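To keep things clear, I will list the structure first and then write my remarks on it.
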Amino acid sequence: MAEVKVKLQPPDADPVEIENRIIELCHQFPHGITDQVIQNEMPHIEAQQRAVAINRLLSMGQLDLLRSNTGLLYRIKDSQNAGPVSFFLSKMKGSDNQEKLVYQIIEDAGNKGIWSRDIRYKSNLPLTEINKILKNLESKKLIKAVKSVAASKKKVYMLYNLQPDRSVTGGAWYSDQDFESEFVEVLNQQCFKFLQTKAETARESKQNPMIQRNSSFASSHEVWKYICELGISKVELSMEDIETILNTLIYDGKVEMTIIAAKEGTVGSVDGHMKLYRAVNPIIPPTGLVRTPCGLCPVFDDCHEGGEISPSNCIYMTEWLEF
């Protein structure tokens, strides 16, 4: 029976969120970013939406448009390099020096946020005064509190318009601070299934071995598109998320990756390079030694007794021995 696929259209993104994300990217890459960088970071955003956001930022004087050997570059203006604080100057009017100090400390923390105890340490203000200032800044929507997956009862503070770092939220793999192991396993299976199907189709083509091999590869963008069309994810997944899943398949010995040169502007390419993946079948079953954590460890060469990475403090080795 034929499998029916339902393609879900991504919801329209908030124009302000798109602009804020572009500004964040410009701060991450102060020398400038190309449209391809923006596309890779926001693959779900249509080209017209990106163009509208970029044109608005250019008209507001927040971005500079430059020309380089690789094409057009968008760079944050020098007046913006101090951060997004200038965007909120009107709301900071009437604030006392203590409130401005706390705001500056939170701004310096970026999208990883800062704990109230660290704010107290840096500002030398009493905790009661800091809590009062934090509530006031939150009411003005200048900052926000975000729960960290690193500690269930720990909240960090960051500027209101920032998207929290993955180290704080856990990214797509966490929901309410709980790791979604079943969701990760489903994605793992579906990504591998897609690559297996592509490899089988290449073998059935009966072409010469080199063409079959090349046809069995798929880019991370192709895999990402397949997963989005399945509609199995309640959260918005990026190509980086899919590449994380593909990396686990590589560590499991089910998939191999190669990097090829790609033309500027090719979907899924970064800096003129593109990652391709394909499913592989081991010729012989792996030996018992290879199945140990050491046999698959990507930092095997850096592991030695007395170092930061050593067999005595390896959690994976401990779990394997207990099993």
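Structural remarks
- Selection from the stretch 105-119 of residues that are assigned to a helix (DSSP H, G or I) and either surrounded by 15 or more Cβ atoms within 10 Å (Cβ to Cβ) or among the acidic types (D, E) (or both): I105, I106, E107, D108, G110, N111, K112, S116, D118, I119
- Close pairs (9 angstrom Cβ cut-off, 6 or more residues apart or separate chains): among the aromatic types (F, W, Y) in the stretch 89-104, at pLDDT below 85 and in a helix (DSSP H, G or I) anywhere: Y103/V85; Y103/F88; Y103/M92
- Test: S269 is in contact (Cβ under 8 Å) with a residue 40 or more places away in the chain, touching a Gly at 6+ places or on another chain (Cβ under 6 Å) and not aliphatic (A, V, I, L, M): no
- Matching entry among M274, M210 (being of a type outside the set (V, I, T), outside the structural domain of E46 (by the TED database) and open to solvent by 30 Å² or more (accessible area, probe 1.4 Å)): M210
- Flag for K122 being assigned to a helix (DSSP H, G or I) and touching a helix residue (DSSP H, G or I) at 6+ places or on another chain (Cβ under 8 Å): yes
- Cβ-Cβ distances below 7 Å connect the following pairs, each with a first residue in the stretch 303-323 that is surrounded by 10 or more Cβ atoms within 10 Å (Cβ to Cβ), a second residue that is part of a helix (DSSP H, G or I) and of a type in the set (D, E), and a separation of six or more residues or different chains: I309/D302.
For (1) closer than 19 Å to Q196 by Cα; (2) open to solvent by 50 Å² or more (accessible area, probe 1.4 Å), each residue gets a yes or a no:
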position	(1), (2)
L230	yes, no
K234	no, yes
L237	no, no
L246	yes, no
L249	yes, no
V255	yes, no
I260	no, yes
E264	no, yes
V267	no, yes
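- The criterion of being closer than 16 Å to N20 by Cβ and at pLDDT 85 or above does not hold for I114.
- Out of Y226, Y251, one residue alone is free of Cβ contacts under 8 Å to residues at least 40 places away in the same chain and of a type in the set (S, T, Y). It is Y226.
- Hits in the stretch 277-302 - residues which are over 25 Å from the mean Cα position of the chain (by Cα) and either modelled with pLDDT of 85 or more or surrounded by 11 or more Cβ atoms within 10 Å (Cβ to Cβ) (or both): V280, P286, V290, R291, T292, P293, C294, G295, F300, D302
- For Q28: the one exception among (1) modelled with pLDDT under 75; (2) open to solvent by 80 Å² or more (accessible area, probe 1.4 Å): (1)
- Scope the stretch 125-142; condition over 12 Å from K100 (Cα atoms) and either outside any loop (DSSP other than H, G, I, E, B) or at pLDDT 90 or above (or both); matching residues: L127, T128, E129, N131, K132, K135, E138, S139
- K153 falls short on exactly one of the conditions (1) touching a Gly at 6+ places or on another chain (Cβ under 8 Å); (2) open to solvent by 50 Å² or more (accessible area, probe 1.4 Å), and that condition is (1).
The values are calculated or read from the model by the stated rules, or taken from the named source; none is laboratory data. Being a predicted model, the structure only gives us computed values, none of them experimental. As a convention, Cβ positions derive from the backbone with ideal geometry for all residues, glycine included, and neighbour counts pool all protein chains shown. Just so you know, the surface numbers come from the protein's heavy atoms only, side chains and all, with ligands and any DNA or RNA stripped out. Shrake-Rupley method; radii C 1.70, N 1.55, O 1.52, S 1.80 Å.
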